[in-house]
1. Can you order the peptides 256-266, 154-164, 50-60 by their average number of other Cβ atoms within 10 Å per residue, highest first?
2. Roughly how many percent of the accessible protein surface of region 211-311 is carbon and sulfur, given a 1.4 Å probe and a whole-percent answer?
3. Take LEU18, LEU321 and sort them by solvent-accessible surface of the protein heavy atoms, 1.4 Å probe, largest at the top.
4. Quick one: order MET22, MET64 from most to least accessible surface, probe 1.4 Å.
5. Just to verify a number: what accessible area does ILE343 come out at with the full protein assembly present, 1.4 Å probe, Å² rounded to tens?
6. Among the lysines, which fall within straight-line cross-link reach of LYS32, defined as a Cα-Cα distance under 18 Å, with same-chain neighbours fewer than 8 residues apart omitted?
7. In debye to the nearest 20, how big a dipole does the chain give about its Cα centre with +1 on each Lys and Arg Cβ and -1 on each Asp and Glu Cβ?
8. Considering only C-alpha atoms, what is the centroid distance from region 282-333 to region 243-262, in Å?
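The values are calculated or read from the model by the stated rules, or taken from the named source; none is laboratory data. Bear in mind the structure is a predicted one, so any value in this text is a computation, not a measurement. FYI the Cβ positions are ideal-geometry reconstructions off the backbone, even for glycines, and counts take in every protein chain you see. Please note that ligands, DNA and RNA were not included when accessible areas were found on the heavy atoms of the full protein model with its side chains. Shrake-Rupley method; radii C 1.70, N 1.55, O 1.52, S 1.80 Å.
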Amino acid sequence: MSGSSQATARQVAMVFDLNKCMGCQSCAVACKMIWTREAGEEQQWWCTVNTQPGRGAPRDWESMGGGYRDGRLVLGREPAPEEIGGGWQFNFDEVFHGGRGHAAHLTPKANGREPEWGPNWDEDQGGGEYPNAYFFYLPRLCNHCTKPACVEACPNGAMRKRREDGIVVRDEEACRGARDCIKACPYKKIYFNHVRNVSQHCIGCWPRLERGVAPACVRNCPGRLAFVGFLDDEGGPIHRLVHEWQVALPLHPEYGTEPNVFYVPPLSPHPLRADRSIDESTPRIPPAYLESLFGPRVHDALERLRGELATVRSGGRSELLDTLIAYEFRSLLGPFTAEPATIGATAPGKEAR
Ligand code: SF4
C-alpha cells in the first residue's frame, strides 16, 4: 500500500455531537479502566477529552506532523514524555493512611517533580475574552482511518486493518518497537509501552464489537452524544449524519488519512459588542477556528444545523435534530446493542487477530 485506501468489507465508524459533550471524561475513564491498567500503560489515555481551543493531548499534537501530503506518507515526530504527561505518582499513603488527612492533600509527581502537563491540563481555559469567552470539548481517539498512515509506516508489518470492520489493530508479537507508527499518525494517538517495548493504541473495543457490545466510550457516555455503527448502514444514524445530512465531519481532513471518527461541529451564541448589544452577524466561536479543525465543509454543516433549529422553533419537525437528540438510547449503538454484562467486567485480550 502506498497512500491508498485499504479495502475492507465494512467500516465501523463513530459520530460525536460536540453540541452535547459536557467534558465529563466518562468515555476516557471507561476506556482507561478496561484497557490500559497494566505496567507501561500508566500514561496511556487512548481516549481523551480536551477543551478547544487548547493545546490538547499530547501537548501541541497538531504541530507534530505525520499523515499524507500530496498522497505521500510523511513521518512526523514522536511526542516527548513530558508532552504526554500523566502516569503520575500520588501520595495516597500520606493522605489516606498517614493520619494527616486534614493537613495533606493529593499531590501528583512525575518522576519526582511537579508535573507541568497532563492529558486534560488546560480544561475550560478556551479562547476569547470576557464577555465573549468560548470553549467546547473534543473527545479524541484513534480514527481507525481508511488510509492509516500508521499501517503504512510500520517496518515490521505489525499493523493492519481488520477486513470485517476496518478496525486498525497491531500484532504485538510482530511489533519491534520501531515507533514509526507513532511518527506517522498525525493525530498522535499511539503510545509507546517502555516496559514491553511495543507501541499501543485504541483497539476500537473489537473484543466487545465481536460480541455485539458497543465500545466503552460510546456505551458510557451519559450525554448521549456518541454514535457507533457501520458507515454503509444506509438507514443508520452514522451514514445519515455523515453522508446524507453531511453534518458530521472528520477532524483535520487535510491530514489525508480519511478518518472514520466524525464530529458534529458546535453551534454557539452570538458575541456581545462593546455596548453590550448582541452582534447577530457572527457566532461567538470564530468560524475560521472551526474551519481550521474540520475543513471548509464546516460552514455548510453549521448552516444546516441552524436551519433545522429554525424549523423546530417555528413549530416544525426535524428528523436530523431528533436523531441527534437520541430519545432512545439504543439508537446510538447501531448493531452493538448487547449488554456489556454479557461479556463480564473486562473483555478478553487486546492482541490483534
Ligand atoms: Fe493510525 Fe493514527 Fe489513523 Fe489511528 S488515527 S488509524 S493510529 S493514523
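1. Numbers: 256-266: 23.3, 154-164: 17.3, 50-60: 20.8.
Averaged packing, sorted descending, gives the order 256-266, 50-60, 154-164.
2. 52 percent
3. Listed by decreasing accessible area, they come as LEU321, LEU18.
4. MET22, MET64
5. That residue has around 30 Å² of solvent-accessible surface.
6. Candidates past the 8-residue exclusion: LYS188, LYS189, LYS350.
7. 500 debye
8. 15 Å
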